[in-house]
Amino acid sequence: MRPTHRIIFDTDGAVFNDDAAALAMLVQRRDRVELLGVTVVAGNHRTPQAAEHMLHLLELTGTDDIPLYLGARNPLVNTAARAASQETQWGPISFKGAFDAPRDVVAPHSGRFATTRPRTTGAISFIIETIERYPDEVTLVAVGPMTNLALTFRARPDLAARVKRLVFMGGNARVPGNVTPAAEFNIWFDPEAARETLAAPIPETVMFGLDITNHAPLHKTAFDDIVAIDTPLTRLMQHDMAPRFRRDPAATYHVWDCITAAWLIDPSIVTSSEALPISVDTTFGPTYGETRVSDRTSREVRPITVMLDLDVERFYQIYAGLLTRPM
Ligand code: RIB
Ligand code: CA
């Protein structure tokens, strides 16, 4: 049977939680999800470092036949200097990702760089070629800032209508932000890209923002049950996440991108959603990067499906099952 989704996974990378964990979940269900390629963008990390983490994950899971492409190294407009100025004028930004990250690329957890390297084609060319090759069939899964997607549709506006759907983690419709009181990280890092991408005439757009992801924090008890099963993946999870639980057993992790991945595998995990017109604030001020429910639709602000709540128990069954499953 053909997999249900043909996916390009556009990511800002992570050691494990949450981009790498989300990719791990998807590669464990290649019967359901055909991963056409991984494209990397600056966000949590600088692009070359993010790529190393994701190549490591692909090698660890024996899925390094999936090609990886390097994408944008910087947002369209936002910069480290602007972020610093935003902080000075309007208050702290709790996480600045690549803007604060070292330039040197460090080896992933294994202590050695993956032998698979990024393809020589860039991410934007790959996305364009793939949509041309599979018109109306490609699901763009964006779990980082949307810079690569905005650049794709700047280069080829005609292709937005030939994507099957865009599923993204980012934004906050009716809850506060997580890096500023107003904004969520993926959108804040490159608001102009999010605005352009959400305005593109993609047939279907699905948003996994903080409204839904806030409902499913990972607690130590669930973490302990998962890492008790020893696999290369759970060892990586342990390396990345155990130190914080050791310091503070009451700590929780948000597993944002993993909820998006779980939905692609089993859409019944979402129990509440609404079609809402979402606009992105690109005015440089305290609400830079805020996503808002607009009171009217326009050519720029189209209604998208905003996921709002989920069956947390079912989600954790899928999450734990896939992360502990033999590879
Ligand atoms: O705000 C959460 C999002 O920002 C997640 O995608 C996380 O990986 C970071 O990119
Ligand atoms: Ca991410």
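Numbers at a glance
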item: Cβ-derived FRET efficiency at R0 30 Å, Ala251 paired with Ser110, nearest 0.05; result: 0.70
item: Size of charge dipole - region 242-323 - debye, nearest 20, with Cβ of Lys, Arg +1 and Asp, Glu -1, no other charges; result: 220
item: Long-range HN-HN contacts of Val306 with modeled amide H, under 5 Å; result: Met207, Glu274, Ala275, Leu276
item: Using a Förster distance of 30 Å, the FRET efficiency for Ala242-Asp266 (Cβ separation, nearest 0.05); result: 0.65
item: ³J(HN,Hα) computed for each position of region 2-9 - Karplus, 6.51 cos²θ - 1.76 cosθ + 1.60, integer Hz, glycine/proline x; result: 6, x, 6, 10, 9, 10, 10, 9
item: Linear extension gain, Thr121 paired with Arg296, 0.36 nm per residue minus alpha-carbon span; result: 59.0 nm
item: Estimated FRET transfer efficiency (Arg103, Val175; beta-carbon r; R0 41 Å; 0.05); result: 0.75
item: Among Ala20, Ala50, Ala81, residue whose mean-square fluctuation peaks in a GNM of the chain (springs only between Cα atoms under 10 Å); result: Ala81
item: Cα centroid separation, region 65-113 to region 256-320 (Å); result: 23
item: Helical contribution to [θ] at 222 nm, DSSP H n ≥ 4, -39,500 (n - 2.57), averaged over the chain, rounded to 500; result: -10500 deg cm²/dmol
item: Furthest towards positive pole of dipole, Met54, His239, Ala21, structure part the chain, Cβ charges; result: Met54
item: Vicinal HN-Hα couplings computed from phi for region 149-160 (Karplus, 6.51 cos²θ - 1.76 cosθ + 1.60; Hz; Gly/Pro x); result: 6, 4, 5, 4, 7, 5, 6, 9, x, 5, 7, 4
item: Antiparallel DSSP beta bridges within the chain, percent to nearest 5; result: 30
item: Estimated vicinal HN-Hα couplings, Hz - region 238-247 in sequence order (Karplus 6.51, -1.76, 1.60; Gly, Pro = x); result: 4, 4, 6, 10, 5, x, 5, 5, 5, 5
item: Sparse-neighbour loop sites [trypsin sites (Lys or Arg not before Pro); region 195-249; at most 10 other C-beta within 10 Å; DSSP]; result: none
item: Mean Cα-pair separation over length for region 5-323, i.e. relative contact order, pairs under 8 Å, 6 or more apart, %; result: 20
item: Only Lys, Arg (+1) and Asp, Glu (-1) charged, at Cβ; the chain dipole about Cα centre in debye; result: 420
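All of the numbers you see were taken from the coordinates with simple rules; none came from a lab. Everything quoted here is computed from the prediction, not taken from an experiment. When we count neighbours, we look across all protein chains shown, and the Cβ atoms used for this are built from the backbone with ideal geometry, even at glycine.
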